[in-house]
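Bear in mind that the values in this text are calculations on the coordinates, not laboratory data. Bear in mind that the values here come from a model prediction, so they are computed numbers and not experimental data. Counting neighbours? That spans all protein chains shown, and the Cβs are built from the backbone with ideal geometry, glycine included.
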Amino acid sequence: MNAVPVPEIVLALAVLAVLLALRAVWRINLPFPFAPRPSDFRRPIATDDQLRARVIAACILFALLSVPHIFGLVPPNGVYGFRTAATLSSRAVWYPANAFSGWALLVAAAISSTLMIVLPITIKRWMLWAAFIVPVIGAFLASLAYVSRLT
């Protein structure tokens with residue numbers, strides 16, 4: 001039973017579109033939990049300290065997610081791990097590739113969290129985001145290079 005219920009999904013999207021159109025045209029206040037309200041746009045943007053805290057929390061999460069791969073505890077699957085055609089086709093490639101990507105992600109998380117702590121308070125927001133994203137992209141590219149060497 002791998003069939004996706006396409007007619008039901010299309011019908012649900014059509015009903016949702018009609019309700020949103022009615023809400024927009026006649027200003028009907030329907031309770032949509034995801035629909036923006038005017039008060040949503042007046043919320044204050046997160047401060048740089050809050051952004052740093054969130055990025056450090058993401059780094060901790062990445063570090064925790066990488067530990068099972070480092071120890072080879074995750075079997076080949078389609079959901080969790082460094083999944084490429086080469087890693088999913090062979091168990092001999094899956095475990096070393098995921099161990100390497102786990103180490104790379106752990107190092108990237110350590111670098112990003114260290115940068116969040118060390119960078120000055122007056123730094124621009126885009127630099128904070130870059131300090132998080134660049135090491136993660138580097139870990140991903142290094143893992144791709146390692147997998148290409150394994151195959």
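Here are the numbers for the structure shown:
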| item | result |
| --- | --- |
| Relative contact order %, region 48-150, counting alpha carbon pairs below 8 Å whose residues are six or more apart | 33 percent |
| In sequence order, calculated HN-Hα J values of region 125-137 (Karplus, 6.51, -1.76, 1.60; Hz; x Gly/Pro) | 5, 5, 6, 5, 5, 5, 5, 8, 7, 4, x, 5, 5 |
| Burial ordering of Met116, Met127, fewest other beta-carbon atoms within 10 Å first | Met127, Met116 |
| FRET efficiency for Leu73 and Ala14, using Cβ-Cβ distance with R0 set to 35 Å, rounded to 0.05 | 0.20 |
| Overall dimensions of region 48-150 by Cα: Rg and Dmax, Å | 15.0, 48 |
| Neighbour cut-off at most 12 other Cβ (10 Å), DSSP loop, chymotrypsin sites (Phe, Trp or Tyr not before Pro), region 66-109 | Phe71, Tyr80 |
